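What follows is a single structure, written as structure tokens, with notes after it.
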Amino acid sequence: MTPEPALPGLRYYHPPAGPPEDAEADVVVYGATSGGVTAAVRAARGGLSVVLLAFGDHVGGMTTGGLGTTDVGDARTVGGLARAFYDDVAAAYGAPAPHWDVEAHVGEAIFERWLAGAGVTVRRRRHLASVERDGERITELRTDDGSAYRARVYVDASYEGDLLAAAGVTYTLGREASSVYDEPAAGVQHSINHQFQLPVDPYVVPGDPASGLLPGISADPYGEVGDGDRRIQAYNFRLHVTTAPDRLPFPRPAGYDPGRYELLRRYVEAGGYELFGRTTPVRGDVYDMNNHGAFSSDHIGANYDWPEGDYVRREEIFQDHVRYQAGLLHFLATDPRLPASVRDETNRFGLAPGEFTDSSHWPAQLYIREARRMVSGYVITQHDATGAALADDPVALASYVMDSHNAKRVLVDGQPRNEGNVQQPLTAPFGVSYQALVPRPGECANLLVASAISASHVAFASARMEPVFMMLGEAAGVAAGLAITDKVACQDVEYAALRRELELGGAILAAPAAD
């Protein structure tokens with residue numbers, strides 16, 4: 001597929017490997033994210049035959065794709081297989097359990113061991129092509145290599161919600177207006193964090209609006225606070241970087257264009273430079289690098305087509321994100337127009353040589369912070385996060401702040417402004433309703449959703465954290481077993497039985513007492 005990779009060996013889509021197959025199982029899980037792994041493992045440990053379809057070569061999603069420092073929230077809310085995973089991380093490091101920081105290769109080894117031990121059949125480079133239905137039930141999932149997978153229950157664990165969309169399930173995109181669910185933090189929002197703090201000229205020719213805007217600035221209007229749109233929070237890659245002597249210099253990507261970073265150069269010149277990325281220790285001299293500041297690794301406004309894009313379009317967006325972020329680091333490390341202090345600080349770090357060895361030491365997983373979101377019988381909203389609404393059928397607890405990254409960069413009074421960042425604390429941990437994991441009655445009877453759950457943009461900003469996805473995946477795995485055993489639609493699984501099985505596995509479904 002085109003275009004050519006920005007870094008050698010680094011692609012979103014890898015051509016299928018091996019001959020096509022016809023396979024049947026009790027459960028087919030599409031998407032080998034962390035939630036996909038826990039769904040598959042829990043179902044298999046319950047005696048079901050399970051096939052896990054991985055889009056690429058790796059399993060674990062962001063948990064093994066560069067997210068070295070885990071967004072936990074209240075650690076007391078993490079139970080079941082999610083807690084077991086971080087206990088296993090602790091064992092791998094010889095540290096007290098749980099251990100929330102994990103190198104990618106360590107996390108993936110744990111997941112691979114779990115899958116093998118549970119007897120899950122893992123198929124890699126399987127890309128959804130189509131879905132066959134008979135009435136309200138999916139009967140077959142086909143991948144683009146010609147393979148066909150038949151199951152009694154399917155789980156969509158993709159970050160994008162690709163399977164639910166192919167099955168005809170209702171979903172939404174972007175940011176609801178505040179009026180839709182009466183959410184003050186919905187829609188367009190003033191960004192305080194990760195914002196320009198000093199004036200900087202936004203025009204190609206300084207002072208000349210007719211010359212056009214610098215790269216990275218949109219001509220779109222700012223909008224009114226609370227307005228809805230189809231924009232989504234920015235994506236980036238979470239890198240494993242190191243200060244060790246064997247660190248690898250930040251690479252120059254194919255198609256590198258220093259002009260993309262002229263806005264940043266001017267901001268540095270104005271005195272507004274912040275560290276190019278937030279670097280937090282993972283282990284020893286290995287760090288997790290994330291977005292930080294007004295102009296950083298978040299490629300703001302470049303991902304709007306991702307959720308519904310075909311694989312060719314997603315490859316284009318993926319490579320653009322690689323080129324942007326790798327180019328940003330190369331620029332900061334080498335451009336002679338920058339102060340030596342900036343270049344020296346950048347060059348203290350480099351890519352970790354022990355990670356992502358098959359993709360130029362760069363993660364193959366783009367951080368899909370938000371894409372499609374199912375719309376089901378229960379939509380999680382800001383009211384859940386503030387305690388005004390309370391689900392009576394929780395299958396996991398979310399406890400992290402409502403954390404949504406910026407969605408666009410525009411001009412306000414002739415100055416660049418980022419828009420959309422929300423970082424609002426919760427009143428208390430909130431329960432994720434089981435109904436948020438299943439389509440509306442009548443839409444699809446044998447589908448469960450582990451990642452692209454039914455939630456508003458604002459509430460999803462809390463529920464989207466990897467430990468929560470693991471817990472939701474486990475709930476989907478248990479529910480699949482109950483639906484099969486009781487011969488009922490997934491919507492009709494008895495909640496009392498589901499809760500009992502989850503709690504037997506160590507799930508925490510009641511918010512802990514406040515400190």
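The values are calculated or read from the model by the stated rules, or taken from the named source; none is laboratory data. Since the structure is predicted, the reported quantities are computational estimates derived from the model, not experimental observations. No Cβ is skipped: glycine too gets one built from the backbone with ideal geometry, and neighbour counts run over all protein chains shown.
Which residues, counting only those in the stretch 355-365, are surrounded by 15 or more Cβ atoms within 10 Å (Cβ to Cβ) and not hydroxyl-bearing (Ser, Thr, Tyr)? Once the filter is applied, which keeps residues that are surrounded by 15 or more Cβ atoms within 10 Å (Cβ to Cβ) and not hydroxyl-bearing (Ser, Thr, Tyr), the stretch 355-365 yields Glu355, Phe356, His361, Trp362, Pro363, Ala364, Gln365.
Pairing each residue of the stretch 502-515 that is under 10 Å from Gly431 (Cα atoms) with any residue that is surrounded by 14 or more Cβ atoms within 10 Å (Cβ to Cβ) and at pLDDT below 95, provided the two are 6+ apart or on different chains, yields C-beta distances under 8 Å for Ala511/Ala428. Among the numbered criteria (1) in contact with a Gly (Cβ under 8 Å, 6 or more places away or on another chain); (2) free of Cβ contacts under 8 Å to residues at least 40 places away in the same chain, which one does Ala388 miss? All conditions pass for Ala388, except number (1).
Determine, yes or no, whether Leu448 is touching a Gly at 6+ places or on another chain (Cβ under 9 Å) and part of a loop (DSSP other than H, G, I, E, B). Considered against the rule, which asks whether it is touching a Gly at 6+ places or on another chain (Cβ under 9 Å) and part of a loop (DSSP other than H, G, I, E, B), Leu448 comes out as no. Of all the criteria given as (1) in a loop (DSSP other than H, G, I, E, B); (2) crowded, with 19+ Cβ neighbours inside 10 Å; (3) hydroxyl-bearing (Ser, Thr, Tyr), the one not satisfied by Tyr287 is (1).
Of the residues that make up the stretch 448-459, is at least one touching a His at 6+ places or on another chain (Cβ under 9 Å) and either more than 15 Å from Asp74 (Cα to Cα) or at pLDDT below 95 (or both)? Taking every residue of the stretch 448-459 in turn, at least one turns out to be touching a His at 6+ places or on another chain (Cβ under 9 Å) and either more than 15 Å from Asp74 (Cα to Cα) or at pLDDT below 95 (or both). Being within 30 Å of Arg252 (Cα to Cα) and either crowded, with 22+ Cβ neighbours inside 10 Å or modelled with pLDDT under 95 (or both) narrows it down to one residue among Thr2, Thr38; which is it? Answer to the check: Thr2.
Just one of Ser211, Ser179 is surrounded by fewer than 21 Cβ atoms within 10 Å (Cβ to Cβ), in a helix (DSSP H, G or I), out of contact with any Asp or Glu (no Cβ under 8 Å at 6 or more places or on another chain) and not hydrophobic (A, V, I, L, M, F, W, C); which is it? Exactly one residue qualifies, and that residue is Ser179.
For (1) more than 24 Å from Tyr154 (Cα to Cα); (2) part of a loop (DSSP other than H, G, I, E, B), each residue gets a yes or a no:
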| position | (1), (2) |
| --- | --- |
| Gly35 | no, no |
| Ala39 | no, no |
| Ala43 | no, no |
| Gly66 | yes, yes |
| Tyr86 | yes, no |
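The numbered conditions (1) buried (at least 21 other Cβ atoms within 10 Å of the Cβ); (2) within 21 Å of Val468 (Cβ to Cβ); (3) touching a strand residue (DSSP E or B) at 6+ places or on another chain (Cβ under 7 Å) are all true for Glu108 except (1). Does the stretch 321-334 contain at least one residue that is outside any helix (DSSP H, G or I) and of a type in the set (D, E, K, R)? Among the residues of the stretch 321-334, not one is outside any helix (DSSP H, G or I) and of a type in the set (D, E, K, R), which makes the answer no.
Once the stretch 293-313 is narrowed to residues that are in contact (Cβ under 8 Å) with a residue 12 or more places away in the chain, closer than 21 Å to Asp162 by Cβ and touching a helix residue (DSSP H, G or I) at 6+ places or on another chain (Cβ under 7 Å), the residue that is surrounded by the most Cβ atoms within 10 Å (Cβ to Cβ) is Asn303.
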